[in-house]
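In what follows, a structure is listed as structure tokens, so that the remarks can point back to it.
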Amino acid sequence: MMDWRDLLVSPHTPIRHTLEIIDKSARQIALVVDENNKLLGTVTDGDIRRGLLKGLTLQDSTSLIMNSFPTVASPYDTRENILALMKIKKIHQVPIVDEDGFIVHVEVLNDLLRPVKKDNWVVLMAGGLGTRLHPLTYDCPKPLLKVGNKPLLETILQSFIDQGFHRFYLSVKYKAEMIQQHFGDGSKWGVTIRYLEEQESLGTAGALSLLPEKPSDPFFVMNGDLLTKVNFEQLLDFHKTYQAQATMCVREYDYQVPYGVVRLDKHRLISIEEKPTQRYFVNAGIYVLNPAVLEYIPQNQFFDMPSLFEHVMKDSQQQAIAFPIREYWLDIGRMADFEKANLEFAEVFG
């Protein structure tokens with residue numbers, strides 16, 4: 001598949017060369033950028049044809065035919081939103097640009113409708129005790145609790161499969177045999193599933209020390225008690241674009257202080273803010289990691305994911321970044337969350 005970077009042209013590129021790029025690409029679009037890859041416009045076959053009808057030649061500059069106000073989307077837009085945008089605008093390609101106008105991806109209608117097979121590993125953490133969901137988890141591990149019409153972990157698995165991923169590891173401990181019996185080798189879903197069996201609780205990063213080999217590409221790690229509509233392909237592309245060693249998905253969390261907050265300078269009142277709302281970003285339990293970070297993880301010792309990120313952040317040669325989640329996301333940690341998930345499942349995943 002052609003990389004979106006192969007679609008880039010400068011405004012001074014001759015129309016003939018831009019046409020060659022469009023004809024070679026299944027994406028049927030060229031992206032006009034400045035020297036820093038900031039999007040200036042787009043060109044399609046239709047733009048070229050209209051330019052030629054106006055008397056332009058194939059030797060003229062692409063800037064004369066480009067659409068200077070193209071429809072674009074944000075890295076945080078959901079797959080559903082982008083599909084809806086394409087339908088409204090009657091277009092088949094949408095550049096994805098960040099807040100500064102730089103291209104990070106290109107979404108194409110056919111790609112959105114037909115997932116491309118991706119070899120990146122997906123490690124799902126499914127070994128927790130689920131004590132906060134007692135008595136439901138006395139006889140059933142939390143990942144097998146039914147949300148909607150199927151086990152929670154099956155919904156997570158299917159979300160990755162729908163986006164083209166097919167190589168999975170499940171980290172298991174509590175009632176591991178039940179999870180292994182349900183999912184088997186993955187052939188029921190047309191994928192490969194292998195297991196990381198924890199003898200002792202190793203934490204969200206420590207379990208990665210059980211991987212039988214080092215992956216060759218960036219890989220996902222995700223807690224097995226989450227429901228989300230995150231676009232995993234977009235997340236992976238975001239990780240690659242910023243050349244990160246580790247990417248953590250984060251979620252905005254609002255907390256309203258139930259009192260008036262008083263600010264003081266010694267004994268002197270400076271201000272009073274009534275019931276202010278504090279906003280934070282919290283760890284959303286979904287990560288993309290480069291294989292190199294596995295070197296930080298000790299063998300057969302408890303090691304959580306925040307500790308792994310702290311190691312990466314301390315290394316001046318490495319970069320850890322955050323991917324804010326705007327899509328649906330729910331951590332099923334408490335009974336109230338489980339009940340909420342069942343109420344919302346049909347609407348979100350139906």
- Query: If you take the residues in the stretch 49-83 that are in contact with a Lys or Arg (Cβ under 7 Å, 6 or more places away or on another chain) and under 30 Å from Thr228 (Cβ atoms), which one is surrounded by the most Cβ atoms within 10 Å (Cβ to Cβ)?
  - Reply: Tyr76
- helices (runs of 4 or more DSSP H) within the stretch 143-233 that include 3 or more residues under 25 Å from Asn290 (Cα atoms): 152-162, 203-206
- Note on the structure: Picking from Gly101, Gly164, the residue that is surrounded by fewer than 17 Cβ atoms within 10 Å (Cβ to Cβ), small (Gly, Ala, Ser) and closer than 26 Å to Ile332 by Cα would be Gly164
- Return a yes/no flag: does the stretch 145-164 have any residue that is at pLDDT below 95 and touching a Gly at 6+ places or on another chain (Cβ under 6 Å). no
- Query: In the stretch 190-205, which residue that is modelled with pLDDT of 95 or more and either in contact with an Asp or Glu (Cβ under 7 Å, 6 or more places away or on another chain) or not charged (D, E, K, R) (or both) is surrounded by the most Cβ atoms within 10 Å (Cβ to Cβ)?
  - Reply: Ala205
- Note on the structure: Counted residues in the stretch 206-252 being of a type outside the set (Gly, Ala, Ser), on the phi < 0 side of the Ramachandran plot, over 13 Å from the mean Cα position of the chain (by Cα) and surrounded by fewer than 19 Cβ atoms within 10 Å (Cβ to Cβ) come to 9
- Task: Please indicate, with yes or no, whether at least one residue in the stretch 42-63 is over 16 Å from Gln93 (Cα atoms), out of contact with any helix residue (DSSP H, G or I) (no Cβ under 8 Å at 6 or more places or on another chain) and polar (S, T, N, Q).
- Result: yes
- Picking from Leu152, Leu226, Leu196, the residue that is in contact (Cβ under 8 Å) with a residue 40 or more places away in the chain and farther than 26 Å from Gln301 by Cα would be Leu152
- Hey, among the residues in the stretch 253-286 that are under 30 Å from Trp121 (Cβ atoms), out of contact with any Cys (no Cβ under 6 Å at 6 or more places or on another chain) and of a type in the set (A, V, I, L, M, F, W, C), which one's surrounded by the fewest Cβ atoms within 10 Å (Cβ to Cβ)? Val282
- Note on the structure: In the set Ile15, Ile29, Ile48, the lone residue that is of a type in the set (Val, Ile, Thr) and within 28 Å of Val116 (Cα to Cα) is Ile29
- Go through (1) in contact with a Gly (Cβ under 9 Å, 6 or more places away or on another chain); (2) of a type outside the set (Phe, Trp, Tyr); (3) under 24 Å from Glu154 (Cβ atoms); (4) at pLDDT below 95 one by one and return the number of the condition Lys229 breaks. (1)
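The values are calculated or read from the model by the stated rules, or taken from the named source; none is laboratory data. Model, not experiment: these values are computed from the prediction. Methodologically, a virtual Cβ is constructed for each residue, glycine included, from the backbone with ideal geometry; neighbour enumeration extends over all protein chains shown.
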